[in-house]
Amino acid sequence: MKDAMSDGPLLELKQVEKRFDLDQGFLETIKMRNGKVIREKRSVHAVNNVSLKVDRGEALCVVGESGCGKSTVARLIAGLLKPNAGEIHYDGTRIDNQSRRSMIPLRKKMQMIFQNPYASLNSRMNIQQALEEPVRYHNPGFSRGEVRDKVAEVMRSVGVDPSWSARYPHEFSGGQRQRIAIARALTVDPEFIIADEPISALDVSIQAQVLNLMLEAKDQRGLTYLFITHDLSVVQHFGTRVAVLYLGSVCELADTATLFENPKHPYTRALLSAVPQLKDDRPNHIRLRGEIPTPINLPQGCPFQSRCAYANDRCLAEQPRPVQQPDGSMVACHAVEEDRMVD
Amino acid sequence: MSLLSVRDLTVKFAMRDNTVTALDNISFDLAKGERLGIVGESGAGKSITGFALMNLLSRPGFIDNGKILFEGEDIANMSDAQMRGIRGNRMAMIFQDPMVTLNPVLTIGQQMVETLMAHRKLSKAEAEQIAVVKLREVYIPSPEERLAQYPHELSGGMRQRIIIAMALLLDPELIIADEPTTALDVTIQADIMELLLELCQSNKVGLILITHDLGVVSQMTERTLVMYAGKIIEAGRTREIINDPQHPYTQGLINALPQQTKPGMRLKQIPGNMPSLTAIPAGCPFSPRCEYVRDHCRTTRPEPVQYAHVEVACHEVNRLHRENSEEQSA
């Protein structure tokens with residue numbers, strides 16, 4: 001059955017939107033303005049009209065700065081949040097309108113890894129208990145021995161000695177804890193992993209250990225990844241494709257090599273130029289005006305207009321649609337479309 | 001004479017029944033207006049170095065031995081009253097999280113004026129004028145209005161700019177910046193670093209930049225110290241350390257960066273973890289993780305030696321260098 005479905009994308013987001021209401025309930029919506037009592041409902045527009053496809057076996061990286069909605073995208077896909085509009089399809093079936101119960105078999109296929117392994121592991125459960133729980137839950141037919149074997153196998157595959165299984169999370173270092181969190185995701189043999197900043201809290205030498213582990217798991221198990229990060233050097237290393245998010249909208253989507261060789265959106269260019277390089281003596285980055293505006297009152301037109309050096313009247317009025325470029329990348333920018341940018 | 005000269009600095013922490021050594025015989029110099037980077041992973045002792053230089057260690061931490069000569073005066077055994085004349089005035093510190101430094105219930109103006117009036121005989125109006133000038137120097141838009149604002153009204157990048165303005169208020173000779181941009185986004189980080197570099201250069205301020213990010217050190221500093229388990233294991237000109245590191249740990253740190261490997265290939269990783277301060281291995285602290293380890297590394301502590309432009313504490317640096325060059329020529 002799996003083979004019959006595998007020609008389509010594994011995951012597809014169609015014009016997904018997510019708003020978080022700031023004013024909940026009737027009383028909070030009542031405000032005074034200019035001496036008048038008015039009703040106003042404000043909301044944070046976290047994700048706006050995002051469409052993405054993830055094919056089998058690829059690693060799609062979602063990058064952006066804090067507040068751009070990258071974690072919200074991860075949570076929407078994992079079904080931890082419901083979108084306000086749009087559809088999410090997994091392996092051909094729509095998943096965003098499913099009940100909790102009908103999501104259970106899906107959760108076995110789709111696992112999540114979070115930034116802080118200390119927060120995602122229960123500090124009162126030892127490693128054995130923490131790793132056994134998902135195996136038992138998703139495989140009710142397994143005997144005790146089978147559960148234990150499965151756990152031991154996964155622990156070995158992430159480089160954690162199975163003889164440590166009686167220890168508690170606080171007895172491990174940060175890198176080991178993250179490996180245990182990855183092991184926990186792998187115990188149910190998923191096909192798709194959503195990793196939300198999995199290495200950001202780790203030291204450089206430990207980051208390499210965890211990234212290697214994730215690459216190995218990808219090759220050996222044929223995993224598909226959605227990798228959320230703000231670290232562009234990790235993206236270049238790990239991702240097959242990259243989606244750059246700004247203020248809840250995708251501004252550029254391209255193959256990793258294409259994006260790093262030839263970034264097109266002014267925001268992507270600024271972002272790439274801001275990464276401190278080892279070999280380069282002189283910082284020579286594109287300065288952006290101001291900072292990311294709040295997603296509460298989204299500007300009309302292009303979300304990047306307030307910081308963009310190429311913004312004109314059209315950018316203020318009309319939101320750019322993603323347009324396919326000759327090299328296959330999708331760019332949402334009027335300046336790129338009209339070829340106004342001078343290199 | 002150098003601006004700052006640290007000699008055999010040892011910092012210990014008193015535990016219930018013994019003491020642990022957080023900094024072990026650190027020595028380095030900083031010339032006037034020089035920019036020095038201190039790199040290492042968490043637990044290496046970078047931040048403790050910063051605190052010790054400001055004489056800000058509090059119990060259970062204490063300076064066990066050594067001198068910190070700031071323009072010839074030893075600040076390691078100065079009284080609190082003497083330190084108050086130096087801290088904030090002649091040397092200032094910038095921390096990772098601006099909200100820790102800023103008082104949330106005072107306006108930006110109150111905090112800046114307070115600092116100025118504590119050190120200089122100024123009227124409030126004069127102090128405010130200086131504050132506005134300093135805010136303008138760090139490119140804060142409409143600085144007069146900012147004085148009346150509270151820290152929570154400003155964005156993260158703006159707060160860190162204010163912290164830099166406050167550090168510069170009394171024209172210090174030395175700024176110690178402890179991970180000043182780690183909490184910020186890359187585009188904002190690039191702005192803040194450029195600003196810090198520009199201000200240090202134009203005002204001839206010495207900078208000690210504590211960070212885990214080798215990219216930042218490479219762009220900001222002239223000299224670098226690499227720390228591991230409370231010791232300086234390599235020191236030298238930043239360019240030389242980045243381009244041709246001698247200590248196996250420094251090499252490992254640089255090679256572990258994803259930029260150093262072809263996309264999708266296995267990264268070079270350093271096995272194991274930084275030892276905890278209560279269990280620092282005898283001999284070379286890096287020996288349990290080192291691929292070039294020999295028996296004497298496990299028993300004898302390596303002393304820093306001059307090798308190929310840098311000072312490096314490693315027994316096997318000669319052999320390492322020979323093998324690496326053979327590998328390259330092969």
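Take each residue of peptide A:209-217, count the partner chain Cβ atoms within 10 Å of its Cβ, and average: the result is 3.
Exceedance of the 19 Å cut-off in Cα-Cα distance is limited, within the set A:LYS14/A:LYS82; A:LYS150/B:LYS268; A:LYS53/A:LYS109; B:LYS134/B:LYS204; A:LYS108/A:LYS150; B:LYS67/B:LYS204, to A:LYS150/B:LYS268; B:LYS67/B:LYS204.
Within 10 Å of the Cβ of each residue in A:230-236, the mean number of Cβ atoms contributed by other protein chains is 3.
Ordering B:GLY230, B:VAL216, B:LEU170 by the projection of their Cα atoms onto the charge dipole of chain B, which places +1 on the Cβ of Lys and Arg and -1 on the Cβ of Asp and Glu, puts B:GLY230 at the extreme positive end.
Among the GluC sites (Glu not before Pro) found in the stretch B:5-113, not one is both in a DSSP coil and sparsely packed, with 12 or fewer other Cβ atoms within 10 Å of its Cβ. The local environment of A:SER143, defined by Cβ-Cβ distances under 13 Å, has a net charge of +1 under the rule Lys, Arg +1 and Asp, Glu -1.
Compared with the dominant Cα axis of chain B, that is its longest principal axis, helix B:108-119 is turned about 80°.
Kindly provide the trypsin sites (Lys or Arg not before Pro) of the stretch A:146-234 that DSSP labels as loop, not H, G, I, E or B, and whose Cβ sees at most 11 other Cβ atoms within 10 Å. The qualifying sites: there are none.
Taking other Cβ within 10 Å of each residue's Cβ, how do B:TYR150, A:TYR267 sort, fewest first?
Result, fewest neighbours first: B:TYR150, A:TYR267.
Averaged over B:262-274, how many beta carbons belonging to a partner chain fall within 10 Å of each residue's beta carbon? For peptide B:262-274, the averaged partner shielding equals 6.
Please work out the FRET efficiency for the pair A:ARG136 and A:ASN97, using the Cβ-Cβ distance as r and a Förster radius of 22 Å; give the result to the nearest 0.05.
About 0.20, to the nearest 0.05.
Among A:HIS265, A:HIS45, A:HIS170, whose mean-square fluctuation peaks in a Gaussian network model of chain A (Cα, cutoff 10 Å)? Looking only at A:HIS265, A:HIS45, A:HIS170, the largest GNM fluctuation is found for A:HIS170. In chain A, the DSSP-assigned H stretches of four residues or longer account for a calculated mean residue ellipticity at 222 nm of -9000 deg cm²/dmol, using -39500 (n - 2.57) per stretch and the full residue count as denominator.
Ranking A:VAL188, A:TYR310, A:VAL62 by Cα position along the charge dipole of chain A, where only Lys, Arg, Asp and Glu carry charges on their C-beta atoms, puts A:VAL188 farthest toward the positive end.
First select every other residue whose beta carbon is under 13 angstrom from the beta carbon of B:ALA118; then total the charges, Lys and Arg +1, Asp and Glu -1. Neighbour charge sum, excluding B:ALA118 itself: +4.
So for the protein assembly as shown, taking the charge dipole from beta-carbon charges (+1 Lys/Arg, -1 Asp/Glu), which of B:ILE130, A:SER120, B:GLY156 sits furthest toward the positive end? Of B:ILE130, A:SER120, B:GLY156, it is A:SER120. Structure remark: mean-square fluctuation, Gaussian network model of chain A, C-alpha springs under 10 Å; the largest value among A:LEU232, A:LEU288, A:LEU11 belongs to A:LEU288. Where in the stretch A:309-343 is the amide nitrogen less than 18 Å from a point lying 7 Å along the Cα-to-Cβ axis of A:ASN262? Under cut-off, by backbone N: A:323-343. Based on DSSP H segments of at least four residues, each scored -39500 (n - 2.57), chain B has a per-residue ellipticity at 222 nm of -10000 deg cm²/dmol. Sites listed here are GluC sites (Glu not before Pro) in the stretch A:291-343 whose DSSP assignment is loop and whose Cβ has at most 16 other Cβ atoms within 10 Å: A:GLU318, A:GLU338. Calculate how steeply helix A:174-186 sits against the longest principal axis of the alpha-carbon atoms of chain A, using the helix alpha-carbon long axis, and give the answer as 0 to 90 degrees to the nearest 10. Between the helix axis and the principal axis of chain A, the angle is about 80 degrees.
Any idea what the dipole of the stretch B:1-99 comes to, in debye rounded to 20, about its Cα centre with Lys/Arg Cβ at +1 and Asp/Glu Cβ at -1?
It comes to approximately 200 debye.
Given springs between every Cα pair under 10 Å in a Gaussian network model of chain A, which of A:GLY159, A:GLY239, A:GLY25 has the largest fluctuation? Highest fluctuation among the options: A:GLY25.
Across the stretch A:2-268, Cα pairs under 8 Å and at least six residues apart give a relative contact order of 25 percent. For the stretch B:178-328, a crude dipole built from +1 on the beta carbon of Lys and Arg and -1 on the beta carbon of Asp and Glu, taken about the Cα centre, is about 480 debye to the nearest 20. Rounded if a/c is under 1.5, else prolate if a/b beats b/c, else oblate: with a ≥ b ≥ c from the C-alpha gyration tensor eigenvalues square-rooted, which is the protein assembly as shown? Verdict is oblate for the protein assembly as shown.
Counting Lys and Arg as +1 and Asp and Glu as -1, each charge on the Cβ, what is the dipole of chain A about the Cα centre in debye, to the nearest 20?
On the way: 44 positive and 42 negative charges, 262 e Å.
The calculation lands at about 1260 debye.
Taking the C-alpha atoms only, the angle from helix A:127-138 to the longest principal axis of chain A is near 80 degrees. Take every Cα pair under 8 Å whose residues are at least 6 apart in sequence, average their separation, divide by the length of chain B, and the relative contact order is 20 percent.
Values quoted throughout were computed directly from the atomic coordinates according to the rules given, and no laboratory measurement underlies them. As the structure is a computational prediction, the values presented were derived from the model and not from experiment. Every residue, glycine as well, gets a Cβ built from its backbone with ideal geometry; the counts of neighbours run over all protein chains shown.
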